[in-house]
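J.: I have a structure I would like to understand better, so I am pasting it below and will then ask my questions one at a time.
Computed from the coordinates by the stated procedures, all read-outs in this text should not be read as laboratory data. Since this is a predicted model, take the numbers as computed values, not measurements. Please note: Cβ atoms are built from the backbone with ideal geometry, for glycine as well, and neighbour counts cover all protein chains shown.
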Amino acid sequence: MRIDKYLWCVRYFKTRSIATTACKKGHVKVNGNTIKPSREVYATDKIELRKNQINYQLTVNDLPPNRVGAKLVDIYRTDTTPKEAFKAQELLKYSKDYYRKKGVGRPTKKDRRDIDDFNDENE
């Protein structure tokens with residue numbers, strides 16, 4: 001089975017074309033090698049996948065006949081992604097909440113005072 005089809009079947013990507021694009025961009029590695037979307041995947045292959053700033057690591061257990069339901073995905077793969085990867089994603093989400101949204105406009109007087117106080121503390 002092709003790697004792009006496998007990643008689509010085990011629900012890592014919503015469409016097969018998105019999986020193909022990820023392979024072409026080099027976000028998918030099999031056994032440590034960057035691969036093309038047409039590469040065949042076999043049982044016991046180790047796949048590294050970068051998606052949404054998380055480096056997923058999984059091992060292929062078996063090849064599904066077609067796209068499977070979310071409850072059946074664990075039959076066909078073993079997820080070995082370290083927990084720290086998900087914690088880093090959560091911290092990144094919190095850090096983005098502090099910044100102003102694009103197009104909100106100039107900083108208010110209170111925002112300017114907060115920025116000045118922050119800069120004074122760091123000097």
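J.: Obtain the nm distance between the two label points defined at Asp120 and Leu72 by a simple spin-label model: each point lies 7 Å from its Cα along the Cα-to-C-beta direction.
T.: 6.5
J.: So, one more: Once the piece of chain linking Ala43 and Lys14 is laid out straight, how much longer is it, given 0.36 nm per residue of separation minus the C-alpha distance between them?
T.: 8.2 nm
J.: Taking a 31 Å limit on the Cα-Cα distance, which of the listed pairs Lys25/Lys71; Lys24/Lys93; Lys5/Lys87; Lys83/Lys109 fall beyond it?
T.: In this structure, Lys83/Lys109 exceed 31 Å between Cα atoms.
J.: Taking the number of other C-beta atoms within 10 Å as the exposure measure, put Glu48, Glu90 in order starting with the fewest.
T.: Lowest count first: Glu90, Glu48.
J.: Fully extended, how many nm does the chain gain between Thr21 and Asp62 (0.36 nm per residue separation, minus their Cα-Cα distance)?
T.: On the way: separation 41, 0.36 × 41 = 14.76 nm, distance 2.35 nm.
Extra length available between Thr21 and Asp62 comes to 12.4 nm.
J.: Net charge near Gly32, counting Lys/Arg +1 and Asp/Glu -1 over other residues with Cβ under 10 Å of its Cβ?
T.: Details: positive: Lys29, Lys46; negative: Glu48.
Value of the local net charge: +1.
J.: Rg and Dmax of the chain over Cα atoms: what are they, in angstrom?
T.: So, for the chain, Rg and Dmax equal 20.6, 62 Å respectively.
J.: Per DSSP H run of at least 4 residues, take -39500 (n - 2.57); add these up for the chain, divide by its residues and hand me the 222 nm value, nearest 500 deg cm²/dmol. It would help to have the intermediate numbers written out before the result.
T.: On the way: 5 runs with 50 residues, N = 123.
When only DSSP H runs of four or more count, the value is -12000 deg cm²/dmol.
J.: Send over the Kirkwood Rh of the stretch 1-62, from the inverse of the averaged 1/r over different Cα pairs, rounded to one decimal Å. Please list the in-between numbers first.
T.: Values: mean 1/r = 0.0894 Å⁻¹.
For the stretch 1-62, inverting the mean 1/r across all distinct Cα pairs yields 11.2 Å.
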